[in-house]
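Read the structure below first, then the notes.
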Amino acid sequence: MNWESEWFRIELIRGSRRISNFFWAFILLSGAPGFPPVGLSSYFGKDLISFLSYEQIVFILQGIVMCFYGIAGSAFSLYLWGTIFWNIGSGYNKFDKGKGIVCIYRWGFLGKNRRIRIESSMKDIEAIGMEVQEGFYPRRTLRLKIKGQQDVPLTYIGENLTLREIEEEAAELARFLQISIEGF
């Protein structure tokens, strides 16, 4: 959802609360915790959980690998649920012609730098940069080129915009800010 007027523009950025993250976090949470009990059952020689049989599993290598996969899968699931809960990467891009200010705001990981805010004068904006990489996993992002700073990404990773959509979005923003578009 975006909002634009003659002097003001806000673009909301969706964070990690996406269907794919919910799907993988749920799959990992439901499957990964079953692996360590089966691996440990093969070590102790008895079923720790009655409906998970260990009889065909040898502890050396198979049981150890099952324990490792269970622990790693559970840890990754907790990481995904954490990013979903705190909605990492969400925020907004605010362009205010009246005040001559550009503000990029994102939520990060917990800590003293959880709120990521980049504020700059519109006079310092050099161009809108478009990065397009085609291939098996295409990446198309918009970046704001600011004097004396690193390029600031305006779109979130995994947005999967088509080439036409990213070009239209870049053109709209360049028209609004009255600056040029550059390719990387």
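Annotations for the structure displayed:
- Volume of the Cα convex hull of the chain, divided per residue and given in Å³: 166
- Listed residues 107, 86, 24, most fluctuating in the chain (Gaussian network, C-alpha, under 10 Å): 24
- Region 21-86, relative contact order [Cα under 8 Å, separation at least 6], %: 45
- Only helices enter this figure: runs of n ≥ 4 DSSP H residues, each worth -39500 (n - 2.57), summed and divided by the residues of the chain, yield -11000 deg cm²/dmol at 222 nm to the nearest 500.
- Inter-part distance where region 76-92 and region 12-36 are each reduced to a Cα centre, Å: 10
- Aspartates and glutamates whose Cα lies under 16 Å from that of residue 147, excluding same-chain neighbours fewer than 8 positions away: 119, 124, 126, 182
- Three-way shape label, region 30-85, alpha-carbon gyration tensor, a/c 1.5: prolate
- Top of 167, 11, 134 by mean-square fluctuation, Gaussian network on the chain, Cα under 10 Å: 134
- Taking 151, 47, 124 as the candidate residues, the one with maximal mean-square fluctuation in a Gaussian network model of the chain, Cα springs under 10 Å, is 47.
Bear in mind these aren't lab numbers, they're just calculated from the coordinates by the rules spelled out. The structure presented is a predicted model; accordingly, all values stated were derived computationally and were not measured.
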